[in-house]
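Take a look at the structure below.
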Amino acid sequence: MQDDGRPLPAPRNNWALFLDFDGTLTELAASPDAVVVDGDMPEILGRLHDALGGAVALVSGRPLAELDRLVGIALPGAGVHGLELRERREAPIRPPAELEGADSIGKALTPLVRDDPRLILETKPGAVALHYRRAPEREAACRAAMQAALAAMPGFHLIEGKMVLEAKPAHVNKGQAIENLMKSKPFAGRLPVFAGDDRTDEDGFGVVKALKGVTIKIGPGASLAEHRIPSVEAFIGWLKEVASALPRTG
């Protein structure tokens, strides 16, 4: 697998593997609950977890409990862009300390969503996302409503995904989440590898590049990532190759 002629490095047992979920491990869907996860995913991720000494984490805008349910296996990770952390698969989820601000933003956006059932308001621990994938012509209205809600909550920041606008605390991002996980076992001392597909992953790419790690962009679009894989299907194929190439250590 390669991007524009540049081969991806051969798998190594000293990797710390960080994986986005939507658009990386599964195709984007019309609504967050409509995603379809490859039936082999629990086995693939379980093999990688064993081979890398537990250093496999999901780094996603979704809550960790939701990822556990969708993926079919509990893994270390950072949920809600890093508001939630779990350093080891058996450890409890460390929840966000502050939830009130997201609740206020959600309440401000409720009238917009109530008037157009094609829009989806996704509330998360400490954050809120407004999806307009089923009504792309409503982007301007969604953006105006989100900006008005954020104006009343200065500690929050707008991040933009693929047809989704999300409000989260300004000090939290996927790059910081990866930095935090890299400070603890089983990730400390390993070479970080991060794969993602959209603008919410760029902070993670920046941090991993600074750590001399491997950055992989799935799909088209400008990116800080040094490698590119064209599709979710191709990326899952690469993950299967990596899982088969690495000997199990656990």
Check the straight Cα-Cα distances from K183 and name the aspartates and glutamates below 12 Å, setting aside those fewer than 8 residues away within the same chain.
-> E87
The range 167-241 and the range 58-87: distance between their alpha carbon centers, rounded to Å | 15
What figure in square angstrom, to the nearest 10, would you give for the accessible area of D68 with a 1.4 Å probe?
-> 40
Listed by chain and number, the aspartates and glutamates with an alpha carbon less than 15 angstrom from that of K217, same-chain partners under 8 positions apart left out, are D3, D4, D20, D22, E27, D197, D198, D201, E202, D203, E226, E233
Any chance you could run the full-extension gain for E226 through R69? It's 0.36 nm times the residue separation minus the Cα-Cα distance, nm to one decimal.
-> 53.4 nm
Grab the beta carbon distance between A245 and E139, set R0 = 30 Å, and tell me the FRET efficiency rounded to 0.05.
-> 0.10
Using modelled amide H (1.01 Å from N, peptide plane; none on Pro or chain starts), what sits under 5 Å from the amide H of S231, excluding residues fewer than 5 places away?
-> G219
Mind checking which of G82, F187, G39 is farthest towards the positive end of the chain's charge dipole, using Cβ charges of +1 (Lys, Arg) and -1 (Asp, Glu) about the Cα centre?
-> F187
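Charges at C-beta only: +1 for Lys and Arg, -1 for Asp and Glu. How large is the resulting dipole of the chain about its Cα centre, in Debye rounded to 20? Each step should come with its number before you reach the end.
Values: 30 positive and 34 negative charges, 117 e Å.
Here the chain has a charge dipole of around 560 debye.
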Would you mind computing, in nm to one decimal, how far apart the modelled labels at E233 and R118 are, each placed 7 Å from Cα along Cα→Cβ?
-> 2.8
Rank T200, T110, T215 by mean-square fluctuation in a GNM of the chain with C-alpha springs under 10 angstrom and give only the top-ranked residue.
-> T110
Reported label for calculated Cα extents along the principal axes in Å given (1) 49, 37, 36; (2) 53, 36, 33; (3) 51, 41, 37 = (2)
Of K124/K185; K107/K240; K107/K212; K168/K212, those spanning more than 32 Å from alpha-carbon to alpha-carbon = K107/K240; K107/K212
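Hey, got the dipole for the range 47-145? About the Cα centre, +1 on K and R Cβ, -1 on D and E Cβ, debye to the nearest 20?
Values: 15 positive and 14 negative charges, 49 e Å.
Value, rounded to 20: 240 debye.
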Extension length gain for K212 and E90 (0.36 nm per residue less Cα distance), in nm, is 41.0 nm
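Percent of accessible area on the chain owned by carbon and sulfur, 1.4 Å probe?
Details: 5690 of 10810 Å².
Carbon and sulfur together cover 53 percent of it.
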Residue farthest toward the positive end of the dipole of the range 83-177, with Cβ of Lys/Arg at +1 and Asp/Glu at -1: which of I120, H171, A148?
-> I120
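The values are calculated or read from the model by the stated rules, or taken from the named source; none is laboratory data. Since this is a predicted model, take the numbers as computed values, not measurements. We place every Cβ from the backbone using ideal geometry, glycine too, and count neighbours over all the protein chains shown. Calculation scope for accessible area: heavy atoms of the full protein, side chains included, ligands and nucleic acids excluded. Shrake-Rupley method; radii C 1.70, N 1.55, O 1.52, S 1.80 Å.
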